[in-house]
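Each reported figure results from applying straightforward, stated rules to the coordinates on display, with no laboratory input. Please read these numbers as outputs of a predicted model, since none were measured by experiment. Using ideal geometry, Cβ is built from the backbone for each residue, glycine included, and neighbour counts are taken over all protein chains shown.
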């Protein structure tokens, strides 16, 4: 399979970002897919221009008014959903279409994201 490589991992659940990036050509922009968005600061320090993530489903249940509520995800991570910037790096965290624990979304609707890379 030309151009496809498996990303090594230091341990289950612990990404080894240095190993994943070791053989990449720094002249070619990279897109990092990471289940957990907390890798964003490390990826930004490595100059990764785009990181795509999910994991928290936008909290699934947001209490309060739509667009202005609070979710449990906001208590667990600084990246519960949406677009974040750090220098020239961007992280997009999708709510996705799945659920965790309870099959419900309240004020945090599921989403399928379409990104135009220009």
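Rank the residues 93, 28 as a footprinting-exposure proxy: fewest other Cβ atoms within 10 Å of their Cβ go first.
Values: 93 26, 28 6.
In order of increasing Cβ crowding within 10 Å: 28, 93.
How large is the direction-averaged shadow of the alpha-carbon convex hull of region 9-93, in nm²?
Working: hull surface 24.2 nm².
Reported value for the Cα convex hull: 6.1 nm².
Just to verify a number: FRET efficiency for residue 31 and residue 97, C-beta to C-beta distance, R0 = 22 Å, to 0.05?
Numbers: r = 21 Å, r/R0 = 0.93.
That gives a FRET efficiency of 0.60.
Ratio of alpha-carbon Rg to the 2.2 N^0.38 Å globular estimate for region 49-118, to two decimals, please. Mind showing how you got there, number by number?
Numbers: Rg = 12.4 Å, N = 70, 2.2 N^0.38 = 11.1 Å.
Here the Cα radius of gyration is 1.13 times the empirical estimate.
Test of understanding: what is the full-extension gain from residue 72 to residue 14, defined as 0.36 nm times their sequence separation minus their Cα-Cα distance?
Working: separation 58, 0.36 × 58 = 20.88 nm, distance 2.26 nm.
Full-extension gain reported as 18.6 nm.
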